[in-house]
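Step one of this worksheet: look at the structure below.
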Amino acid sequence: MGARCERAVGLAFDAFCRGTPEVMEDVEALDVEIDREELETHALILRILALRQPVADDLRLLATALRLVTDLERIGDEAVNIGERVVQHDGEAKRIIGGPLALMANTTLDMLHRALDAFVRWDDTDASHVMGCDDAVDALCAKIIAAMTEHMSEHSEEVPAGLRVIRVAKFLERIADHATNVAEEVIFMVRADDVRHGKWQLSGATPPPTTSF
């Protein structure tokens, strides 16, 4: 399921850059498989919980997997959203911001790959690294939106193309958020620590209690 997500996002972004809408059939087919696998995995986890009554590491693995498949399914949806913005001849907007947009896509895909690899290897260190990359993606997204806003204000005919670039940047930012969620879920699985929202990092905040199971 994770591999299909990586491929779907890569195909959709490449199609957007090249202006090849025919690739959308492949992206949509991958999304259908991702949806099917989410349902199958969810049903299997619930069956294991009901019949095996797992505890400790096994229970955390299943709890993590329940949340993880939801994030992966949403990543598949975002890949389709990117593909729906593919236009063959799309003005100057993509060329102007091509470098930062490509860097954003590469960073996002690397985050997703490393988060999934951390899940497979029970590697909380690599998961922590993924969480640290999200700010860079957010900064690139803000840079792209600012550049497109300025470009559209000076070239009104470029508004549709500029808006498509902005939407793709936002979709990539959301995919990075889902990759961050996966990394947080891995840390919970490995250490039984709930690190969502970084709430204990705030000044004076109390760290969340360690889960007993």
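Specify the residue that is least open to solvent (accessible area, probe 1.4 Å); the eligible residues are those in the range 2-57 that are in contact (Cβ under 8 Å) with a residue 24 or more places away in the chain and at positive phi.
G19
For D126, state whether it is touching a Pro at 6+ places or on another chain (Cβ under 8 Å) and at pLDDT below 95.
For D126, the condition - touching a Pro at 6+ places or on another chain (Cβ under 8 Å) and at pLDDT below 95 - is not met.
Please find, among I145, I82, the residue that is part of a helix (DSSP H, G or I), open to solvent by less than 30 Å² (accessible area, probe 1.4 Å) and either over 30 Å from L61 (Cα atoms) or touching a helix residue (DSSP H, G or I) at 6+ places or on another chain (Cβ under 7 Å) (or both).
One residue alone meets the criteria, I82.
Any residue at all in the range 175-185 that's surrounded by 15 or more Cβ atoms within 10 Å (Cβ to Cβ), free of Cβ contacts under 8 Å to residues at least 40 places away in the same chain and either in a helix (DSSP H, G or I) or within 12 Å of the chain's Cα centre (by Cα) (or both)?
no
Restricting the range 58-79 to residues that are among the basic types (K, R) and open to solvent by 50 Å² or more (accessible area, probe 1.4 Å), which is farthest from the chain's Cα centre (by Cα)?
R67
When you check V137 against the structure, is it part of a helix (DSSP H, G or I), of a type outside the set (G, A, S), touching a Lys or Arg at 6+ places or on another chain (Cβ under 7 Å) and surrounded by 15 or more Cβ atoms within 10 Å (Cβ to Cβ), yes or no?
The answer is no for V137.
Would you point out the residue of the range 27-57, among those that are β-branched (V, I, T) and over 20 Å from the mean Cα position of the chain (by Cα), that is modelled with the lowest pLDDT?
By that ranking, first place goes to V55.
The values are calculated or read from the model by the stated rules, or taken from the named source; none is laboratory data. Keep in mind that this is a model prediction, so the values were computed, not measured. So basically every Cβ, Gly included, is an ideal-geometry build from the backbone, and we count neighbours across all protein chains shown. The area values use the complete protein model at the heavy-atom level, side chains included, leaving out ligands, DNA and RNA. Shrake-Rupley method; radii C 1.70, N 1.55, O 1.52, S 1.80 Å.
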